[in-house]
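Below: one structure, written as structure tokens.
The values are calculated or read from the model by the stated rules, or taken from the named source; none is laboratory data. Because the structure is a prediction, the values reported are computed rather than measured. Here Cβ is always computed from backbone atoms with ideal geometry, including for glycine, and neighbour counts include all displayed protein chains. Areas reflect the complete protein model, heavy atoms only, side chains present, ligands, DNA and RNA absent. Shrake-Rupley method; radii C 1.70, N 1.55, O 1.52, S 1.80 Å.
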Amino acid sequence: MLTDLWPTFGIRITTPRLTLRLARESELADLAQLAAKGVHRPDERPFLTPWAEGSGQDRAREVLVSYWDQLSTWEPDAWRLSLTAFREDLPVGVVSLRSRDFAVTREVTTSSWLGLEHQGQGLGTEGRAGVLALAFDHLGATDATTEVFTDNHASQGVSRVLGYLPDGISRDRRDDEVLVSDRLRLTADRWRVPDGMSVAVEGVGPARPMFGLQP
């Protein structure tokens, strides 16, 4: 079975409305077409990298490239787990967890995107809560960080709900402008599944060595 050879395919996270797991090849076209239809409004630029600002075909192909890249470059000391969020078996977006030297640092970084039609419904909060439960409750993370533009109110709101605290700022170049992002940090002692939300995580045990951890 594929999960015997690549155990992260066996990880499955369930929240009240979502199932988070690695997409199979047969599901990639639907995920790519979701991105092609848009992941932010035309007047927004919520991502530092411009992957979502090209044509629909550009966005679709970038989703495929990103999927194959995270699998082909995976190392236990440098990994990125990009889980597709499914709602009633249809993809609604991607939630990612990444780290370097995780076995030592115990720190992860999260990022995500949702198709436009699925935004504003609280799914971003569910998706991030799901991967945080994986990180803190099953992989033993001590810290989770994220960076978000100061004017990205939706992502800022998700972070506040989940208990992140300010951790400084970062300044990055995009084209000919300087962009300021808020760095936010959530520590294990502050992590709680939000009230009224349940999160179930399965299939982590066989995948632990892929994260640089003991079985």
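Below, the figures for the structure above:
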| read-out | value |
| --- | --- |
| Every residue from the stretch 37-84 that is among the basic types (Lys, Arg), modelled with pLDDT of 85 or more and surrounded by fewer than 17 Cβ atoms within 10 Å (Cβ to Cβ) | Lys37, Arg61 |
| Test: Ala129 is closer than 26 Å to Ala200 by Cβ and either touching a helix residue (DSSP H, G or I) at 6+ places or on another chain (Cβ under 6 Å) or at pLDDT below 90 (or both) | no |
| Condition met for Trp113 (in contact (Cβ under 8 Å) with a residue 24 or more places away in the chain, surrounded by 14 or more Cβ atoms within 10 Å (Cβ to Cβ) and within 16 Å of Met210 (Cβ to Cβ)) | no |
| Among the candidates Val161, Val193, Val180, residue that is in a loop (DSSP other than H, G, I, E, B), open to solvent by 30 Å² or more (accessible area, probe 1.4 Å) and of a type in the set (A, V, I, L, M, F, W, C) | Val193 |
| Filter pass, Thr125 being in contact (Cβ under 8 Å) with a residue 24 or more places away in the chain and part of a strand (DSSP E or B) | no |
| Residue match in the stretch 199-212 (condition: among the acidic types (Asp, Glu), within 28 Å of Thr8 (Cα to Cα) and surrounded by 14 or more Cβ atoms within 10 Å (Cβ to Cβ)) | no |
| Out of Asp137, Asp151, sole residue that is part of a loop (DSSP other than H, G, I, E, B) and open to solvent by 10 Å² or more (accessible area, probe 1.4 Å) | Asp151 |
